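Here's the structure, in structure tokens; my notes come after.
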Amino acid sequence: MNVNLSAEELAFRDEVRKFFAEKYPADIRYKTDNGIELERDDYIRWQKILYQQGWAAINWPVEYGGTGWTAVQKYIFANEIAEANAPDMVAFGVKMVAPIIYTFGDDEQKKRFLPDILQSNVWWCQGYSEPGSGSDLASLKMRADRDGDHYIVNGTKTWTTLGHMADWIFCLVRTSSDVARRQEGISFLLIDMSTPGVSVKPIITIEGDREVNEVHFENVSVPVENLIGEEGKGWTYGKVLLQHERTNLAGTARSKFRMRRLKAKTTQSVHGAEPLMKDRNFARKFAATEIELKALEYTDLRTLAAVATGKAPGPESSILKIRGTEVAQAIDALYVEAAGYYSLPFVPSQYAVDFPLQDRIGAGSESRSSLRYFNNRKASIYGGSNEIQRNIVSKHVLGL
Amino acid sequence: MDFSISEEQAMLVDSVAKFIDNDYDFETRQKIAASDAGFSADLWRTYAELGWTAVPFSEEDGGLGGGPVELMLMMEQFGRGLVVEPFLANIVLAGGVMRRLATADQKKKWLDPLIAGELHAALAFAEPQGRFDIANIATTARPDGQDYLLNGKKTLVLNGGAAELLVIPARTDGGQKDHSGITLFAIRGDAPGVTRNSFKMVDGHQGAEVSLTDVRVDGASILGEVGQGYETLHAVIGEATLAVSAEAVGIIRAMQDKTVEYVKNRVQFGVPIGSFQALQHRLVDTLMACEQSYSLLLWAAMTNAAGSDEAEKAISAIKYQIGTAAVHVAREAVQLHGGMGVTWELDIAHFFKRITSIELLFGNADYHLDRYAGLS
């Protein structure tokens, strides 16, 4: 029993590390290092670099352009991309809709959609939640009524992350109300957002940014060939996707990176103060969070090892989601505490590329720490709230 | 034993509560907070006309003779209404110093217009390197003939941008963390050598960084005795700690009520989500946290009103409670509101941000737990 990397794996790690050092664009890194929001073009440019390298779709089967990496290689990659402070591929295309398309779609759909996802030519967003359907997703009401070779779609999707940047949206829609179980009337439909009748309205979140949206559909005509799999089977497909989403939510690599950064910051003097780590209270809290994170990392590795032997991620992934988001939120709170009074100024304008770093109020991105803390309260709510995750564990793991 | 409030106190609560209910709904508050000034100058004059700005001052100073209990009662309401007008900065902080130290002449010049709502003021209680330690002062006041020259930097000066008068603690003697050697100076906000970098805060309030470069002040600008400022600073910050704790109690009670209302109305799986036991128990826990916080707040207000020897401890106790229990209530309120809880549109998010500010202001939970332990 060990968690050592083999010589090949170490060589792979070096290769990945070298790639990030050489190919991650300095201007984008400047933004991620200094708390500046990325633009749509930044994401696309970076994702195309990953594509050129063959690393855009690390989880896909090789035949569609995936890497064929082992679980350990994926783990190494996740650590290195976090260490480089480079953004992950935006999840909605490559990690969320693509697996549905290559698993349940027909050949025509695979040919039509997968290459553009792989090459970041098309930006996808997710249409699951509705104003009245959050935790109870199966109650969704957005209708898709068959009319010849089209569906006519009416309804509203909400919490659509980066929907204002997206070209296409994948939706769970209701194609039939005349079913024994309401889940059976749900279908999986792909919709071009430039179709007449689609409108995107911003939702401003707690920290003041536009990240999520409400997407309205009014008599939107969608060709039937955009239906994935069978009509009425969308719920089953969507559940697979949700489970897939959950395995990406522990975020241990990012959390480890953030803890190391925080340690570096708090073991030196900022604003001429004593290093905060010399404060026993802070040091203990930091240590407790680090221990929790270490436990999470090992739980994550155990899951990874199981997946490597061919086991599908099961309801245990809910544990990763719950603890992963809780640890991330604890780290957010530590950042706020570390910044102290400097976490309180609300000055979005100083997080522009041309704003001189030395003129910022607060050292580095201190005044960004509270905004991140506020924003990330969402983590225990999205992707199936942590309450829903506990229901899943209770039902499927404990059998209660 | 009597927890009831007097008729005068009830009238005060009633007057603030009616204002919040009738004239300060959430949309109004949001508009005010988003304005350039960040607070309503008109409403500030209204607060003065209603006598609120006079509450903590003695009758001979033109005030109403209120104390910690009156302050608590008002701040709870201000919390509930998410009031952004600078009551804390003007009345509790700057006013608190002047009420204790200003000479008759100084009062006439500064305190009278402050109470009348015609002068804005701020107390620069924090320095970049000091975190929560108000004695950690690197700003210097060097004698120069009959005058002093002030040099240094202050951070998070509440209401510092609008303030026509800044109260600056500066070191005339002693080491950087010594209690002795701190002198309080009253200077004009626009005095030569003063640079202010104003900002909105995450909670909708106003702050500023203030840099002082050879700011020349005369002896008439000194509040109290040279080198003896710490005691007053400490007392004023104690009172301000009590004030924001009361505000926090007002906030978490509002959050609790709104969350209970929300779970009764939000239907998922065909039933109100409040019918789930998993959520019911959590809301019972947050209710207990609210009630325990209120109890400690009463202890703090009463011991401070009575000047009891537990007064200091009680302030740290309630602030510790706010830094733990109130933060818990606020997080749960956001969580149970689901996605709506993290939208700008809903007041819950703004209550949450104000609680985050208060969590840090004048020392976080750890700071006050240490302080409490040291006083035991």
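Overview of results
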{"read-out": "Of the criteria (1) touching a residue at least 60 places away in the same chain (Cβ under 8 Å); (2) open to solvent by less than 20 Å² (accessible area, probe 1.4 Å), which one A:Ile28 fails", "value": "(1)"}
{"read-out": "Among (1) touching a residue at least 24 places away in the same chain (Cβ under 8 Å); (2) outside the structural domain of A:Ser385 (by TED's automatic domain parsing); (3) within 21 Å of the chain's Cα centre (by Cα) - the single one A:Val224 does not satisfy", "value": "(3)"}
{"read-out": "Residues of region A:337-349 satisfying the condition of being more than 9 Å from chain B (Cβ to nearest Cβ) and of a type outside the set (A, V, I, L, M)", "value": "A:Pro348, A:Ser349"}
{"read-out": "Enumeration of residues in region A:58-87 that are within 24 Å of A:Thr161 (Cα to Cα), modelled with pLDDT under 95 and surrounded by 19 or more Cβ atoms within 10 Å (Cβ to Cβ)", "value": "A:Ile58, A:Trp60, A:Ala78"}
{"read-out": "Residue list for region B:90-127, restricted to those being without any contact (Cβ under 8 Å) to a residue 12 or more places away in the chain and either in a helix (DSSP H, G or I) or crowded, with 24+ Cβ neighbours inside 10 Å (or both)", "value": "B:Ala104, B:Lys108, B:Lys109, B:Pro113"}
{"read-out": "Meets criteria (in a helix (DSSP H, G or I), within 21 Å of the chain's Cα centre (by Cα) and free of Cβ contacts under 8 Å to residues at least 40 places away in the same chain) for A:Lys263", "value": "no"}
{"read-out": "Flag if B:Ala186 is assigned to a loop (DSSP other than H, G, I, E, B) and either crowded, with 16+ Cβ neighbours inside 10 Å or in contact with a helix residue (DSSP H, G or I) (Cβ under 9 Å, 6 or more places away or on another chain) (or both)", "value": "no"}
{"read-out": "Given (1) buried (at least 23 other Cβ atoms within 10 Å of the Cβ); (2) modelled with pLDDT of 90 or more, index of the condition A:Ser318 fails", "value": "(2)"}
{"read-out": "Test: residue in region B:228-251 that is open to solvent by 10 Å² or more (accessible area, probe 1.4 Å), more than 17 Å from the chain's Cα centre (by Cα) and among the small types (Gly, Ala, Ser)", "value": "no"}
{"read-out": "Selection count where residues are in a loop (DSSP other than H, G, I, E, B) and either out of contact with any His (no Cβ under 7 Å at 6 or more places or on another chain) or outside the structural domain of B:Gly161 (by TED's automatic domain parsing) (or both), scope region B:191-220", "value": "6"}
{"read-out": "B:Thr195 being without any contact (Cβ under 8 Å) to a residue 40 or more places away in the chain, within 14 Å of chain A (Cβ to nearest Cβ), hydroxyl-bearing (Ser, Thr, Tyr) and open to solvent by 10 Å² or more (accessible area, probe 1.4 Å)", "value": "yes"}
{"read-out": "Flag for B:Leu223 being buried (at least 18 other Cβ atoms within 10 Å of the Cβ) and not assigned by TED's automatic domain parsing to the domain that holds B:Arg371", "value": "yes"}
{"read-out": "Filter result for the condition that a residue is touching a helix residue (DSSP H, G or I) at 6+ places or on another chain (Cβ under 6 Å), more than 14 Å from chain A (Cβ to nearest Cβ), surrounded by fewer than 20 Cβ atoms within 10 Å (Cβ to Cβ) and of a type in the set (Gly, Ala, Ser), over B:Ala301, B:Ala305, B:Ala289, B:Ala314", "value": "B:Ala305"}
{"read-out": "Those helices (runs of 4 or more DSSP H) lying entirely in region A:1-90 with at least 2 residues out of contact with any Phe, Trp or Tyr (no Cβ under 9 Å at 6 or more places or on another chain) and hydrophobic (A, V, I, L, M, F, W, C)", "value": "A:7-23, A:71-83"}
{"read-out": "One residue from B:Val334, B:Val342 being out of contact with any Phe, Trp or Tyr (no Cβ under 6 Å at 6 or more places or on another chain), buried (at least 23 other Cβ atoms within 10 Å of the Cβ) and within 7 Å of chain A (Cβ to nearest Cβ)", "value": "B:Val342"}
{"read-out": "Filter pass, A:Lys95 being closer than 19 Å to A:Gly251 by Cβ, open to solvent by 10 Å² or more (accessible area, probe 1.4 Å), of a type outside the set (Ser, Thr, Tyr) and not assigned by TED's automatic domain parsing to the domain that holds A:Arg174", "value": "yes"}
{"read-out": "Region B:152-172, residues that are more than 14 Å from every other protein chain (Cβ to nearest Cβ) and either touching a Ser or Thr at 6+ places or on another chain (Cβ under 7 Å) or not in a loop (DSSP other than H, G, I, E, B) (or both)", "value": "B:Leu165, B:Leu166, B:Val167, B:Ile168, B:Pro169, B:Ala170, B:Arg171, B:Thr172"}
{"read-out": "Out of B:His234, B:His281, sole residue that is part of a helix (DSSP H, G or I) and within 13 Å of another protein chain (Cβ to nearest Cβ)", "value": "B:His281"}
{"read-out": "Residues (buried (at least 20 other Cβ atoms within 10 Å of the Cβ) and under 17 Å from B:Gly81 (Cβ atoms)) located in region B:255-281", "value": "B:Met255, B:Gln256"}
{"read-out": "Conditions (1) under 14 Å from the mean Cα position of the chain (by Cα); (2) more than 9 Å from chain A (Cβ to nearest Cβ); (3) in a helix (DSSP H, G or I); number of the one not met by B:Phe362", "value": "(3)"}
{"read-out": "Extreme residue, farthest from the chain's Cα centre (by Cα), among residues of region A:146-201 that are surrounded by fewer than 19 Cβ atoms within 10 Å (Cβ to Cβ) and basic (Lys, Arg)", "value": "A:Arg146"}
{"read-out": "Members of region A:125-168 that are out of contact with any Gly (no Cβ under 8 Å at 6 or more places or on another chain), acidic (Asp, Glu) and either part of a strand (DSSP E or B) or not assigned by TED's automatic domain parsing to the domain that holds A:Val215 (or both)", "value": "A:Asp145, A:Asp147"}
{"read-out": "The lone exception for B:Lys319 - which of (1) open to solvent by 10 Å² or more (accessible area, probe 1.4 Å); (2) away from chain A (no Cβ under 11 Å); (3) not polar (S, T, N, Q) it fails", "value": "(1)"}
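Listed here are the residues, each with its yes/no results for (1) in the same structural domain as B:Leu242 (by TED's automatic domain parsing); (2) in contact (Cβ under 8 Å) with a residue 24 or more places away in the chain; (3) under 25 Å from B:Phe132 (Cβ atoms).
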site	(1), (2), (3)
B:Thr259	yes, yes, no
B:Leu297	yes, yes, yes
B:Val327	yes, yes, yes
B:Val334	yes, no, no
B:His337	yes, yes, no
B:Arg354	yes, yes, yes
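Each row is one residue, and each column tells you yes or no for (1) among the hydroxyl-bearing types (Ser, Thr, Tyr); (2) out of contact with any strand residue (DSSP E or B) (no Cβ under 6 Å at 6 or more places or on another chain); (3) not in a loop (DSSP other than H, G, I, E, B).
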position	(1), (2), (3)
A:Ser269	yes, yes, no
A:Ala273	no, yes, no
A:Met277	no, yes, yes
A:Ile291	no, yes, yes
A:Ala295	no, yes, yes
A:Leu301	no, yes, yes
A:Gly310	no, yes, no
A:Ser318	yes, yes, yes
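The values are calculated or read from the model by the stated rules, or taken from the named source; none is laboratory data. Just so you know, these numbers come straight off a predicted model, no measurement behind them. Note that each Cβ is placed from the backbone with ideal geometry, even for glycine, and that neighbours are counted across all protein chains shown. We work out accessible area using only protein heavy atoms, side chains counted, and drop any ligands, DNA or RNA first. Shrake-Rupley method; radii C 1.70, N 1.55, O 1.52, S 1.80 Å.
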